Amino acid sequence: MQDYTKAYGQYGFIDFTAEPQFDIDDTAKRIDITLRFNEEKQYYVRRIDFVGNTTTRAKSSAASFFSTRASSSTSAPGKSVSSV
């Protein structure tokens, strides 16, 4: 469940919840698991201000931040990743 929460959170679904539902059949010795996903509202970061940085230009800092974030995560199907 934590992996789903983390994956959805990376794409702005910070209120995402996953609820497991178990259907136990003792006769057949089988457990069916159904996961109910609730994405809730998707949030976006529109702007990031860097404060106190006197040695690097803000655009350079932003480019560095987004390039390291983009290389460490993958794009969700049907979603695009853009930077400022």
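Points to keep in mind about this one:
- Any hit, segment 58-75, residues being loosely packed, with under 12 Cβ neighbours inside 10 Å, more than 20 Å from the chain's Cα centre (by Cα) and modelled with pLDDT of 90 or more: no
- Verdict on Asp23 being acidic (Asp, Glu), modelled with pLDDT of 90 or more and loosely packed, with under 12 Cβ neighbours inside 10 Å: yes
The values are calculated or read from the model by the stated rules, or taken from the named source; none is laboratory data. Just so it is clear, the structure is predicted and the values come from calculations on it, not from any experiment. Reconstructed Cβ throughout: ideal geometry from the backbone, glycine too, with neighbour counts over all protein chains shown.
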